[in-house]
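The next block holds one structure in the form of structure tokens; read it before the comments.
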Amino acid sequence: MREEADQNEIARTVIGCSIAVHRRVGPGCFESAYAPCLAYELARHGLRFDADVTMDLLYEGLIVPRAYCIDFVVEDCLVLELKALEQTGRIHGRQMLTYLKLTGLPLGLLLNFGAKTMADGVERIVNNFPHGTEPIGRRSAGRDAGH
């Protein structure tokens, strides 16, 4: 697992990438418009990431394949969930926390491109930061790798 300072630097870089996208595209588009632009910026900044990471739900002896789809996992330490809403609610924070528990990763950023400014659209959510926890889900086959 990466050191705390490294994780924070990755998060800062991602926030900078999301601000660049927001400034160029502006609020008012669908998430599907922002995701490829953010992927472009992440790659341009040399960050490794997987996009549209599907996770299986493990429920007792039952496996529910591809029950969750995480927008991005960056540098194997940061989960990104993109939204394009006037404002996010508590449910979106709970969604991110679920993704962090599924992956066991320590840090997540909820990025709301629908906010007036991207600075208002960033929410940092942690899961036993900086160490993370034991994952409770598993990645499905067939993820879309970025850079």
Of the listed values [x] 7.8; [y] 8.3; [z] 11.4, grab the one calculated as mean projected area of the Cα convex hull in nm² from the structure here. [y]
Return ARG23, ARG48 ranked ascending by Cβ neighbour count within 10 Å, so the fewest neighbours appear first. ARG23, ARG48
Counting each DSSP H run of 4 or more residues in the chain as -39500 (n - 2.57), what helix-only mean residue ellipticity at 222 nm follows after dividing by all residues, to the nearest 500 deg cm²/dmol? -11500 deg cm²/dmol
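Dipole size in debye (nearest 20) for the chain around its Cα centre, Lys and Arg Cβ +1, Asp and Glu Cβ -1? Don't skip to the answer; put the middle values down first.
On the way: 16 positive and 19 negative charges, 58 e Å.
It works out to roughly 280 debye.
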Rounded, prolate or oblate: pick one for the stretch 14-57, where a ≥ b ≥ c are the square roots of the eigenvalues of its C-alpha gyration tensor, a/c under 1.5 means rounded, and failing that, prolate if a/b is larger than b/c, else oblate. oblate
From the square roots a ≥ b ≥ c of the eigenvalues of the alpha-carbon gyration tensor of the stretch 1-76, which class results: rounded (a/c under 1.5), prolate (a/b over b/c), or oblate? oblate
For VAL122, other-chain or 5+-apart residues with amide H closer than 5 Å (H placed, Pro excluded) are ASN112
Please find, in a Gaussian network model of the chain (springs between Cα atoms separated by less than 10 Å), the residue of ALA20, ALA119, ALA67 whose mean-square fluctuation is greatest. ALA67
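Values quoted throughout were computed directly from the atomic coordinates according to the rules given, and no laboratory measurement underlies them. Everything numeric in this text was worked out from a predicted model, so none of it was measured. Cβ atoms come from the backbone with ideal geometry, glycine included; neighbour counts cover every protein chain shown.
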